[in-house]
Amino acid sequence: MIKEINILNGSKNEVTDAESLKQLEFINKAKEYVSELEKNLGRKPTACVVTFGCQMNARDSEKLVAILKLVGYEESESENSDFVIYNTCTVRDNADQRVLGRLGACSNHKKKNPHMKIAICGCMMQEQSAVEKIQKSYRFVDLIFGTHNIYKFAELLCTCFESDRMIIDIWKETDKIVEDLPVLRKYPFKSGVNIMYGCNNFCTYCIVPYVRGRERSRSPKDIIRECEKLAADGVKEVMLLGQNVNSYGLDFKDDNPDKISFPELIEEVCKVEGLERVRFMTPHPKDFSDELLDVIERNPKIARHIHLPLQSGSTEILRRMNRKYTKDAYLELVNKIRTKLPEVAITTDIIVGFPGESREDVDETIDVVKKAEFDNAFTFIYSKRTGTPAASFEDQVPEDVVKENFDRLLKVVQETARKQSEKYTGSVAKVLVEEVNDHDSSLLTGRMSNNSLVHFPGNEELIGEIVEVSLDECHGFYFTGHKC
Ligand code: SF4
């Protein structure tokens, strides 16, 4: 017997306020189901959201947690909860394996608690093969949905309560952006703000354009309204999120009176009263404009940190990656940033082991690391993603060669980062205090405008405040210090 309900496939709709209202009605309906469950259990039901992957996923998970709490679940970190949802990532192959391993373990909990509901969503679910695998081998999963219809979570939750079948709701694409749904922030004083969804760039190693669809920018009015609400709610720092923030607004029609560029948008966000820091993630080097540098220069609220993914320092590998810039163009951009904004920290992402990468190509990357003097770099070993052009490139690099090149690169990255950090020793920095230190509860942990971590003695009442801290000692990627 077929036990799936396929709700919709490939829907394309306009943005509607009516949709937000409809979802709020489903929230009320789900509340009734959860209250019924609470009566049956004799306690408040618990829910756990497990997040894999990037900032965009973390933001989506905040939306899921908000709905679950609103409808009556108590948030829990245990995967032995009454409702467990895995928000997946598919950028790296081992992420898939990790999710499936966790899902397998979860089935044991469900055997003991048959009322338990298990859901899986996110980028991995946009891949047909992954959904088929779950349909076939993980029959205990109650709900599967993708990246485009996360705003429908309350509705899907209701359907889940109304049916004992596996619910599958994956949309291939959408141009729909639904605003005004509840979000529960992890930190009360800082928040991500999605400014756009999707990506048009098709880097040959990356699955994102296939699973997140084409670029769709939110209207500037909605973004500003969200930032104003956040500021009124005590948020001091926002991070504007998009796969390629520099293409913000390019999808608006020319006659759209709301059409603005990313530099114009960030400048408007800076005007929001109460916000003290504005970050953005991620700009693509090929689209980084002089206008954006001017805006950063004249707006002290914009964090002194630019994350500028390099991926490779070899022009030939960059061409095969479809990154649309050369080694020289990247270095020229870094030079321009360093000259105009000397106080800005530049961090990057680098992939080692892309198909066809030679030792000389890695030498080129190391050369860029030295010349750019990155403040930090996240280095990744290339992971073949089925469905991307690079997966079918023939000259995959042997594992031992990748490992050797990775180690060579990492050594230079660490030396450069340490040298860069040391420059700040002895200075005073404004630090947004984020939490009590994980290892030593007498210490607080916060972030400087340039994103460096600082640990210093202090009272937890300072959490959420921006304080001045003297940076006494540099430990490579973080500082210890004392409050001035
Ligand atoms: S810019 Fe390239 S790496 Fe980034 S999301 Fe788009 S395709 Fe992927």
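For region 244-260, 3J(HN,Hα) computed residue by residue from phi via the Karplus equation (6.51, -1.76, 1.60; θ = phi - 60°) reads 8, 4, 5, 8, 3, x, 5, 8, 6, 5, 4, 8, 6, x, 8, 4, 9 Hz, glycine and proline entered as x.
Summarising the label geometry, the points placed 7 Å from Cα in the beta-carbon direction at Leu24 and Lys136 lie 4.5 nm from one another.
Charges were assigned to the Cβ only: +1 to each Lys and Arg, -1 to each Asp and Glu. The resulting dipole of the chain about its Cα centre is roughly 880 debye.
Explain nothing, just the number: dipole magnitude of region 428-483 about its Cα centre with +1 on each Lys and Arg Cβ and -1 on each Asp and Glu Cβ, in debye rounded to the nearest 20. Please report the intermediate quantities before stating the final value.
Details: 3 positive and 10 negative charges, 47 e Å.
The calculated dipole for region 428-483 is roughly 220 debye.
For region 45-55, backbone phi angles converted through the Karplus equation (6.51, -1.76, 1.60; θ = phi - 60°) give residue-by-residue couplings of x, 10, 9, 10, 10, 9, 10, 10, x, 8, 4 Hz, Gly and Pro being listed as x.
Could you pull out the chymotrypsin sites (Phe, Trp or Tyr not before Pro) across region 428-482 that fall in loop regions by DSSP (anything but H, G, I, E, B) with no more than 13 other Cβ atoms inside 10 Å?
Passing both the DSSP loop test and the Cβ count: Phe477.
In terms of overall dimensions, region 351-484 has a Cα radius of gyration and Dmax of 19.4, 58 angstrom. On a per residue basis, region 185-296 carries 39 Å² of accessible surface, using protein heavy atoms and a 1.4 Å probe.
So what's region 4-169 giving for Rg/Rh, alpha carbon basis, Kirkwood Rh from the mean inverse pair distance?
Details: Rg = 15.0 Å, Rh = 16.1 Å.
Radius of gyration over Kirkwood radius for region 4-169 works out to 0.94.
Over the chain, Cα pairs under 8 Å with separation of 6+ residues give a relative contact order of 11 percent. The angle separating the long axis of helix 128-137 from the principal Cα axis of greatest extent in the chain is about 50 degrees.
In the context of the full protein assembly, Phe202 retains an accessible surface of approximately 70 Å², using a probe radius of 1.4 Å and ignoring ligands and nucleic acids. For region 428-483, the equivalent ellipsoid derived from the alpha-carbon gyration tensor has semi-axes of 15, 12, 10 Å in decreasing order. Residues whose amide H comes within less than 5 Å of that of Asn194, counting only those at least five positions distant or on another chain, are Leu241 (H built at 1.01 Å from N in the peptide plane). Less than 5 angstrom separates the built amide H of Gly353 from those of Tyr382, all sequence-distant by 5 or more or on a different chain.
In a solvent-free Debye calculation with one equal scatterer on each Cα, what is log10 I(q)/I(0) for region 304-423 at q = 0.11, 0.22 Å⁻¹, listed in the order of the q values? Reported log10 I(q)/I(0), two decimals: -0.36, -1.26.
Two decimals is fine: what's Rg over Rh for region 167-326, C-alpha atoms, Kirkwood radius as Rh?
Working: Rg = 16.5 Å, Rh = 16.9 Å.
Reported Rg/Rh, Kirkwood definition of Rh: 0.98.
Summarised as an ellipsoid, region 261-357 has semi-axes of 29, 13, 12 Å, derived from the eigenvalues of the Cα gyration tensor scaled by 5 and square-rooted, with the largest first.
Once you have the Cα-Cα distance between Glu360 and Lys44, take 0.36 nm times their residue separation minus that, and quote the gain in nm to one decimal. Don't jump to the answer; show the numbers that get you there.
Values: separation 316, 0.36 × 316 = 113.76 nm, distance 5.99 nm.
Gain on extension, Glu360 to Lys44, equals 107.8 nm.
Projecting the Cα atoms of Ser107, Cys89, Ile120 onto the charge dipole of region 4-169 (Cβ charges, centred on the Cα centre) puts Ser107 farthest toward the positive pole. Ligands, DNA and RNA left out, the accessible area of the chain computed with a 1.4 Å probe is 49% carbon and sulfur. If the chain linking Ser163 and Ser78 were pulled fully straight, counting 0.36 nm for each residue of separation and taking away their Cα-Cα distance, it would gain 28.1 nm. Solvent exposure of region 304-423 amounts to 46 Å² per residue of accessible area, where only protein heavy atoms count and the probe is 1.4 Å. Computed over the chain, the Cα gyration tensor eigenvalues convert (square root of 5λ each) into semi-axes of 37, 28, 24 Å, ordered from largest to smallest.
The values are calculated or read from the model by the stated rules, or taken from the named source; none is laboratory data. In this text the structure is predicted, and so the values were computed from the model without any measurement. Ideal geometry is used to build each Cβ from the backbone, glycine not excepted, and the neighbour counts take in all protein chains shown. Accessible surface areas use protein heavy atoms only, side chains included; no ligands, DNA or RNA. Shrake-Rupley method; radii C 1.70, N 1.55, O 1.52, S 1.80 Å.
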